[in-house]
Every structure is written in structure tokens, then in C-alpha cells.
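Enquirer: Before anything else, here's the structure in question.
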Amino acid sequence: MVYGQPATQFDTRMEDVTQGLYRMAHDTERMVGRAMALVGQPVVDVAAIREADDQVDRAEVEIEEAAVEILALHHPVASDLRVLVTVLKINNDLERIGDHAVNIAEAAARLSKARRKVPIPPELEEMSRMARAMLRDALDAFVHQNAEDGQSVIMRDDRLDQLQDSLVRVMITHMPEHNFSGCLQVILIGRNLERIGDLATNIGEDVVYMVKGTTIRHQDHSG
Amino acid sequence: MILATERLGVVYGDTPVISDITLGIAAQRVTAFIGPSGCGKSTLLRCFNRMNDLRPDARISGQVLFHGQDLYGEGVEPADIRRRIGMVFQKPNPFPKSVFDNIAFGLRINGFRDDIGDRVEESLRAAALWDEVGHRLRSDARRLSRGQQQRLCIARALAIEPEVLLMDEPASALDPIATRRIEELIGELKQNYTIVVVTHNMQQAARISQTTAFLHMGELVEYNDTERLFTNPGDERTEAYITGRLG
């Protein structure tokens, strides 16, 4: 809403905030990919991922400040308000996804130091593909303001949860014959991917709210 | 519905101001009319207590119903209507009299004879003004602040026990603190009165009303729950207006 203010000034500010979020989304998505690329490597350097996370944290603060300024100065309503609320929520979700990417990289570093090589089950690779695809599609749905694409992300979360359950069972089975700590790192990586899937689901739900104005959180989407 | 319009139209001379407006006003709620300048929101408000009768070039079509009775029907007295449906204007307009007499005057000309003092106090309390002026009832009302003057006008309207209060931009001439007092007062008054407010301030409409009507070029574009209208409007013209993008 731009009541009493030139529309162009408001539109420019909104554009700046959403562009900032797009950049942050791109950076976060890359971080997850880079962190997963470290899993199974003999030597793992976590520093670059931590540095990227610091940048994501700074971007989160900047986007939040800019969004709060728009709320204070322009009092947006209707679709503008829904976009801004969604930006604030996705901003927070992306920051947490960055933290999960760091967790994955740190687990990969501990895994690389395991005395005995731990087999990486196919479930983990599928989880990685799936969580990253969910994140990418949720962010695309936000960029293109497409509620159907947002909804489709939500439907995939159950499958990711099943893969996580399966991964835990496989690794517990392997534990006696392989390195205990190494198996635990694989489970932790899976757990972080599962959380990234949850956050991608949140983003999908928020996109549906942004586009349609209806809240679909905390509903059973399995049917 | 305490008030309703059926295909209401108003023409000033040859110029149609509002046309084909059908809506119902729920009792003991605050209903806001919003829209750009010249959209007909004040004209619509003034139909509810026949204030448009004061314009000789005004012609009304359709119906305005109060408790199901046509306000423009035969034998309906405008003065009686205005007693039951009071009005508060944009600029506070106290009479050049004392605080007490501003309220007592209206009571007397409306035939109230007994307990005038008690009624004055009750009205000032209802308008959240008693604590500020109760000790200086004989002071000239024009010496009050503008915000107090506006609340005095509300007290004056309340004194004759109307069912409905129409307010035409009641806070637009006031500073932010006085505006907040008026908004709080409107929230309290809706317990006992039906309130219809015209405001150009959309944030104010969002804060004080439960139902909002958006008018554009004399047409009722959307009539919706206020929360819904300001978060997810049903008509793209409403969306364009409230987001400041109406061409």
C-alpha cells in the first residue's frame, strides 16, 4: 500500500527486498549443494561453507530491516502485505537452511576422519536430490508466484520423511560392523536434509498464502 | 440488518453520484465506507439520515430501510429520523455556548425536560469526556481542544439516545493523539450503537471497523469483512485502490 506516498518509491523498495531474497535463496541453495558434495570426500574443508553462512546471516538481517522499514513507512495491505509477510518468513527459513548446510559440512568433516570407511546408502543420495529439488521448486514457486508449484513441494515431504526413517534403520543395522561415529554422521546428515525438506515445505505453504491469501499450514497433505 | 439500501441511487442535478447500491448495515458493529474522493461515500452516508434532503437538486431512487421501514416513505419525518440516526461531521462544530448547554440544548429541543443534568453527565461519560470537562461544564465549549470539541459533538449526538451514529471523517481534522482517542471511543461505542464511518484513511478503517465497503465512481465495488478486504480483497479494483495503484 502506498497511501499518500508515491507508488514508485514503494515499488522500488519492495523490488529491492524481493531481489535481495532471490540472491539469498540462490546462495543458500548453492550452500546445500556444496555441503552435500563434501559428503564422502577424504578431506573436508568446512571454512568456505561457514563463510557463506556468515554472508547468508548478514543478508537475513538486511532483508528483515528493509522489510520492517517498508511495514513502518508504507503500511502495505492486500497482496503487498502478503508478499512482505512471506518475504519475512522465507528469509528466516533460508537462514536456517544455511545453518543446516553448515551442519551437513561439519558432519561430512567428522565422517572424513572416521577410522573405517562408512558406506553411504542410496537413501542419502536420494534424500539429497529430493531436498534440494524441493528447495529449488519452492523458491521457483515464490519467484513465479505460483501456488500450484508451492503446493506440489508440500506433497513431497512425506516421501522425504520415509527416506529418513529408512536411512536410520539402514545405518543402525550397519553400526555394529562399521564405525559407530561415522554411521551417526550419516544419520545426522539425513536429519539435516529432512529439516531442509521441512523448511522447503514451509516456503511452499507460504507461497500458497502469498498467492491465494489462504492458510494451508498444519493441514494433512498426505491424502 | 438495522439499516439497508435497495438499489439506491442519488443524482445531484444531472450528475449521478451513486447508483444501484444494495447493502445491509449490521447492528452494533462499525461499518466503514472507503474510496477515492468523489466516489460517493459521503453521499451514501448522508442518505441514512436524509441529510441529502438539504440539497434541493438531489434526487433519490431506490430505498433506504431502517428496521425495514423506508426512510424516504410517505409520512416519515426527517427530524425524527435524525434523532434516531445521529451524525458527527469532519470539523467539530460546537455551539457558541457552554459545555453543558451544548448538550442540554439538543435535549431540550428534542423534548427532554427531566434529568437534564444527569443526561449531560451520562453523555459526556459515554463520549469519554467527563473526566476532562466534568469540572468546567460552564466553560465556553470553543475553549476546548479540537479533539475534546469533537468528543463533545459525539456526546451531543449521544444525548438524544440515537440507535445509529453516522460519522463523516470524524478524525481527519485532529492530531494523532486526538485521533487515537476518537478511534478508541468508536470501539467502545459500538457496544451500544451501530456506527457507520466515512474515512479517507484506510488504516483507520482497518483499525476501527468490522465491515468495509469500497466505493468507486459511485458504484459499490466490494463489501466485505474488514480483515478480509485488507488482506485478500475479492475485487481487483479494491486491491488496486488499497495498494495505491488505482489509475
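Enquirer: Restricting to region A:80-99, name every residue that is within 11 Å of chain B (Cβ to nearest Cβ) and within 23 Å of the chain's Cα centre (by Cα).
Expert: Residues satisfying the conditions are A:Leu81, A:Arg82, A:Val83, A:Val85.
Enquirer: Still on this model: Please work out which residue is farthest from the other protein chains (Cβ to nearest Cβ), limiting yourself to region A:47-60 and to residues that are without any contact (Cβ under 8 Å) to a residue 40 or more places away in the chain and surrounded by 13 or more Cβ atoms within 10 Å (Cβ to Cβ).
Expert: Once the filter is applied, the top-ranked residue is A:Ala48.
Enquirer: Moving to a separate point now. Of the residues B:Arg108, B:Arg151, B:Arg136, which is within 21 Å of B:Leu174 (Cα to Cα) and either charged (D, E, K, R) or crowded, with 21+ Cβ neighbours inside 10 Å (or both)?
Expert: B:Arg151
Okay, residues lined up against (1) at pLDDT 95 or above; (2) of a type outside the set (Asp, Glu):
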site: B:Val197; (1), (2): yes, yes
site: B:Gln210; (1), (2): yes, yes
site: B:Glu219; (1), (2): yes, no
site: B:Tyr223; (1), (2): yes, yes
site: B:Ile242; (1), (2): no, yes
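Enquirer: Quick check on B:Gly234: is it at the interface with chain A (Cβ under 9 Å from one of its Cβ atoms), more than 29 Å from B:Ala127 (Cα to Cα) and not in a helix (DSSP H, G or I)?
Expert: no
Enquirer: Another question, then. Of (1) within 14 Å of chain A (Cβ to nearest Cβ); (2) within 16 Å of the chain's Cα centre (by Cα); (3) surrounded by 18 or more Cβ atoms within 10 Å (Cβ to Cβ); (4) not in a strand (DSSP E or B), B:Ile182 satisfies all except one. Which?
Expert: Going through the list (1) within 14 Å of chain A (Cβ to nearest Cβ); (2) within 16 Å of the chain's Cα centre (by Cα); (3) surrounded by 18 or more Cβ atoms within 10 Å (Cβ to Cβ); (4) not in a strand (DSSP E or B), B:Ile182 breaks only (1).
Enquirer: Based on this model, can you work out whether B:Glu227 counts as in a helix (DSSP H, G or I) and within 14 Å of chain A (Cβ to nearest Cβ)?
Expert: yes
Enquirer: May I pose another question? Mind checking which pairs have a first residue in region B:79-92 that is in a helix (DSSP H, G or I) and a second that is of a type in the set (Val, Ile, Thr), Cβ under 9 Å, 6 or more apart or different chains?
Expert: Here the result reads B:Arg83/B:Ile160; B:Arg84/B:Ile160; B:Arg84/B:Val164, each pair linking region B:79-92 to a residue that is of a type in the set (Val, Ile, Thr).
Enquirer: Just checking, which of A:Ile97, A:Ile90, A:Ile104 is outside any loop (DSSP other than H, G, I, E, B), touching a residue at least 60 places away in the same chain (Cβ under 8 Å) and touching a Phe, Trp or Tyr at 6+ places or on another chain (Cβ under 7 Å)?
Expert: A:Ile90
Enquirer: What pairs can you find where one residue is in region A:61-79 and within 14 Å of chain B (Cβ to nearest Cβ), the other is among the hydroxyl-bearing types (Ser, Thr, Tyr), and their Cβ atoms are less than 8 Å apart, with a gap of 6+ or different chains?
Expert: Listed by first residue and then by second, the contacts come to A:His75/A:Tyr3; A:Pro76/B:Thr243; A:Val77/B:Thr231; A:Val77/B:Thr243; A:Ala78/B:Thr231; A:Ala78/B:Thr238; A:Ala78/B:Thr243; A:Ser79/B:Thr243.
Enquirer: Could I ask something else about it? Taking region B:137-166 as the region of interest, how many residues are among the aliphatic types (A, V, I, L, M), closer than 19 Å to B:Thr179 by Cβ and either without any contact (Cβ under 8 Å) to a residue 60 or more places away in the chain or in a loop (DSSP other than H, G, I, E, B) (or both)?
Expert: So the count comes out to 2.
Enquirer: Residue check: is B:Arg113 assigned to a loop (DSSP other than H, G, I, E, B), free of Cβ contacts under 8 Å to residues at least 24 places away in the same chain and among the charged types (D, E, K, R)?
Expert: For B:Arg113, the condition - assigned to a loop (DSSP other than H, G, I, E, B), free of Cβ contacts under 8 Å to residues at least 24 places away in the same chain and among the charged types (D, E, K, R) - is met.
Enquirer: Regarding region A:183-204, can at least one residue be identified that is more than 14 Å from the chain's Cα centre (by Cα) and of a type in the set (D, E, K, R)?
Expert: no
Enquirer: So which residues in region B:11-23 are in a strand (DSSP E or B), more than 20 Å from B:Thr199 (Cβ to Cβ) and not aromatic (Phe, Trp, Tyr)?
Expert: Hits for region B:11-23 are B:Val11, B:Thr15, B:Pro16, B:Ser19, B:Asp20, B:Thr22.
Enquirer: So is A:Asp27 within 14 Å of another protein chain (Cβ to nearest Cβ), surrounded by 15 or more Cβ atoms within 10 Å (Cβ to Cβ) and assigned to a helix (DSSP H, G or I) or not?
Expert: no
Enquirer: With under 25 Å from A:Glu205 (Cα atoms) and in a loop (DSSP other than H, G, I, E, B) as the only criterion, which of A:Gln162, A:Gln145 stands out?
Expert: The unique qualifying residue is A:Gln145.
Enquirer: Consider A:Ile187 carefully, then state whether it is in a helix (DSSP H, G or I) and touching a residue at least 40 places away in the same chain (Cβ under 8 Å).
Expert: No: the conditions fail for A:Ile187.
Enquirer: Could you check B:Gln203 against (1) buried (at least 19 other Cβ atoms within 10 Å of the Cβ); (2) modelled with pLDDT under 95 and say which number it fails?
Expert: Condition not satisfied by B:Gln203: (1).
Enquirer: Given the criteria more than 14 Å from every other protein chain (Cβ to nearest Cβ), out of contact with any Gly (no Cβ under 6 Å at 6 or more places or on another chain), crowded, with 22+ Cβ neighbours inside 10 Å and assigned to a helix (DSSP H, G or I), does B:Ile195 qualify?
Expert: no
Enquirer: Got a sec? Which of A:Val118, A:Val170 is under 17 Å from A:Cys183 (Cα atoms), at pLDDT below 95 and part of a helix (DSSP H, G or I)?
Expert: The unique qualifying residue is A:Val170.
Enquirer: Now for a different question. Going through A:Gly182, A:Gly204, A:Gly150 one at a time, which residue ends up being assigned to a helix (DSSP H, G or I), touching a residue at least 40 places away in the same chain (Cβ under 8 Å), under 20 Å from A:Ala35 (Cβ atoms) and of a type in the set (Gly, Ala, Ser)?
Expert: Testing whether each residue is assigned to a helix (DSSP H, G or I), touching a residue at least 40 places away in the same chain (Cβ under 8 Å), under 20 Å from A:Ala35 (Cβ atoms) and of a type in the set (Gly, Ala, Ser) leaves just A:Gly182.
Enquirer: Now for a different question. Checking the conditions here, which among B:Ala213, B:Ala205 is small (Gly, Ala, Ser) and either within 11 Å of another protein chain (Cβ to nearest Cβ) or closer than 23 Å to A:Val85 by Cα (or both)?
Expert: B:Ala205
The values are calculated or read from the model by the stated rules, or taken from the named source; none is laboratory data. Note that the structure is a prediction, hence the values are computed from the model and not measured. With ideal geometry, Cβ positions are generated from the backbone for all residues, glycine too; neighbour counts draw on all protein chains shown.
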